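The values are calculated or read from the model by the stated rules, or taken from the named source; none is laboratory data. Just so you know, these numbers come straight off a predicted model, no measurement behind them. Reconstructed Cβ throughout: ideal geometry from the backbone, glycine too, with neighbour counts over all protein chains shown. Ligands, DNA and RNA are stripped out before the accessible areas are found, and what is left, the full protein with its side chains, is counted by its heavy atoms. Shrake-Rupley method; radii C 1.70, N 1.55, O 1.52, S 1.80 Å.
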Amino acid sequence: MKSISHDRWALLVSAVILLVLPLVASGYVLYIVNLLMVFVVLSLGMHVVIGEAGQFALSHTAFYGIGIYTAGLINTACHPPFFISILAGGLLSAVLGYVIGLLALRMRDIYLALATFAFGEAMQWVFLNWDKVTGGSNGMRMQPAELFGLKLTNDLQAYPFVIGVAALMLWLTVILSRSQYGSCLRAVRESEVAAMAMGINVKAMKQSAFAISAAFAGIAGGMYTLFTSFIHPESLGFQTTILVLTMVVVGGIGSVRGAVLGAIVFGLISELLRQALSVQEIIYGVILMGFMMFKPKGLFAGNQKRAATVITPAASA
């Protein structure tokens with residue numbers, strides 16, 4: 001009860017700070033907060049596939065890029081309300097994630113990591129070379145997102161919508177984690193053989209986890225288009241995947257709270273290291289290896305107990 005109470009107090013304090021922030025902060029600070037909210041959603045998506053389902057996938061940035069380009073192209077082509085372009089990016093990413101999830105049925109551990117890493121690298125190649133669609137190595141300039149004729153042209157205008165989408169995705173993650181479906185995912189993570197013995201459809205669980213995770217990444221990409229007007233493929237490389245993976249691992253694998261706090265902490269660290277791009281991957285790699293070796297539960301996971309929800313065959317149908 002104490003941890004629940006602490007979490008609720010933390011949410012309340014965070015909500016008050018976020019409400020007051022636009023009244024006292026500069027545009028740069030609001031940009032950083034908007035970016036942190038994107039990282040939070042990205043981290044929550046990776047939490048679903050790695051923390052809940054136990055599938056070590058490294059294709060998250062590819063779906064993030066798909067969400068950005070899909071939302072950006074739709075905004076430029078027909079100027080719909082921004083939530084339509086964000087949903088479109090999330091849906092396309094979910095479909096591709098479901099397809100990539102087929103790999104999880106044949107591979108695991110390092111082989112799955114390598115296969116999904118290859119997909120991520122292939123998608124970055126597409127982003128870099130599909131000049132007619134993505135702008136290639138020159139990047140793509142996007143039209144401002146709109147909401148019923150109102151153009152979001154700065155960080156302050158985008159701020160409430162970015163916060164709203166991030167809050168919605170956090171709520172959905174908590175609901176998923178506490179549901180019987182979440183218990184089924186964790187059963188698959190712990191032991192596929194035991195999960196099948198309990199009547200869980202392991203195949204469906206894996207594929208759905210990949211689809212949900214990819215949808216989160218695609219929606220995060222759509223969120224990014226709310227406050228930026230330019231995207232370059234170099235920002236969608238393996239470095240971003242390592243950054244998000246570090247957020248989840250250091251925050252605490254299997255913990256929603258850890259995913260959120262890890263995203264905030266390492267989002268800020270990435271901004272501080274912006275002038276040291278050549279050594280960022282080394283720093284993240286050292287941090288990641290150190291925590292996996294010496295503190296695998298992460299910084300913010302707390303003393304979590306295994307879910308005790310009774311799993312029935314009907315839950316996995």
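Working note: Karplus 6.51/-1.76/1.60 with θ = phi - 60° gives the range 139-153 the couplings x, 10, 8, 10, 6, x, 5, 10, 9, 6, x, 7, 8, 8, 9 Hz, where Gly and Pro are set to x. Gain on full extension, evaluated as 0.36 nm per residue between R178 and V133 minus their Cα-Cα distance, stands at 12.2 nm. Over all other residues within a Cβ to Cβ distance under 13 Å of G65, the charged ones net out to -2, with Lys and Arg as +1 and Asp and Glu as -1. For the range 1-151, what does the alpha-carbon gyration tensor say about shape, rounded, prolate or oblate, given a ≥ b ≥ c as the root eigenvalues, a/c under 1.5 as rounded, and a/b over b/c as prolate? It is oblate, given that a/c is not under 1.5 and a/b is not larger than b/c. Taking every C-alpha pair closer than 8 Å and separated by at least 6 residues, the mean separation divided by the residue count of the range 113-239 gives a relative contact order of 42 percent. Each residue of the range 104-116 was assigned a 3J(HN,Hα) from its phi angle through the Karplus curve 6.51 cos²θ - 1.76 cosθ + 1.60 (θ = phi - 60°); the sequence is 5, 6, 10, 10, 7, 6, 5, 5, 5, 4, 5, 5, 6 Hz, with glycine and proline shown as x. Measuring nothing but protein heavy atoms, the accessible surface of the range 92-213 at 1.4 Å probe radius is 65 percent carbon and sulfur. Separation of the range 244-265 from the range 208-239 is 17 Å, based on Cα centroids. Among M37, M292, M198, M247, the sequence by solvent-accessible area, most first, with a 1.4 Å probe is M292, M198, M37, M247. Here the extension length gained between R274 and W125 equals 51.3 nm, from 0.36 nm per residue of separation less the Cα-Cα distance. Here the relative contact order of the chain, from alpha carbon pairs under 8 Å that lie six or more residues apart, stands at 30 percent.
The order of I110, I283 by accessible area, most exposed first and with a 1.4 Å probe, is I110, I283. For a paramagnetic label modelled on M289 (point 7 Å from Cα along Cα→Cβ), amide N atoms under 15 Å away are absent within the range 255-274.
May I ask you to derive the FRET efficiency for L147 and S26 from their Cβ-Cβ distance with R0 = 25 Å, giving the value to the nearest 0.05? Computed FRET efficiency for L147 and S26 comes out at 0.60.
The residues neighbouring F238, those whose beta-carbon lies less than 9 Å from its own, together hold a net charge of -2 under the Lys/Arg +1, Asp/Glu -1 convention. Solvent-accessible surface of the range 164-293, averaged per residue with a 1.4 angstrom probe and all protein chains in place: 40 square angstrom.
A cut-off under 12 angstrom between Cβ atoms defines the neighbours of I32, and their net charge, with Lys, Arg +1 and Asp, Glu -1, is -1. Of F117, F291, the residue with the largest accessible area leads and the full order is F117, F291 (1.4 Å probe). Helix 180-190: angle to the longest alpha-carbon principal axis of the chain, degrees 0 to 90, nearest 10? That helix lies at roughly 70 degrees to the long axis. Counting 0.36 nm for each residue step from I17 to A167 and taking away their Cα separation leaves a gain of 52.6 nm. Per-residue Karplus couplings for the range 38-54, computed as 6.51 cos²θ - 1.76 cosθ + 1.60 with θ equal to phi - 60°, are listed in order as 5, 5, 4, 5, 4, 5, 5, x, 5, 4, 4, 7, 9, x, 8, 8, x Hz, Gly and Pro entered as x. Taking H as built 1.01 Å from N, whose amide H comes closer than 5 Å to the amide H of Q55, not counting residues under 5 places away? The list, which skips near neighbours in sequence, is I50.
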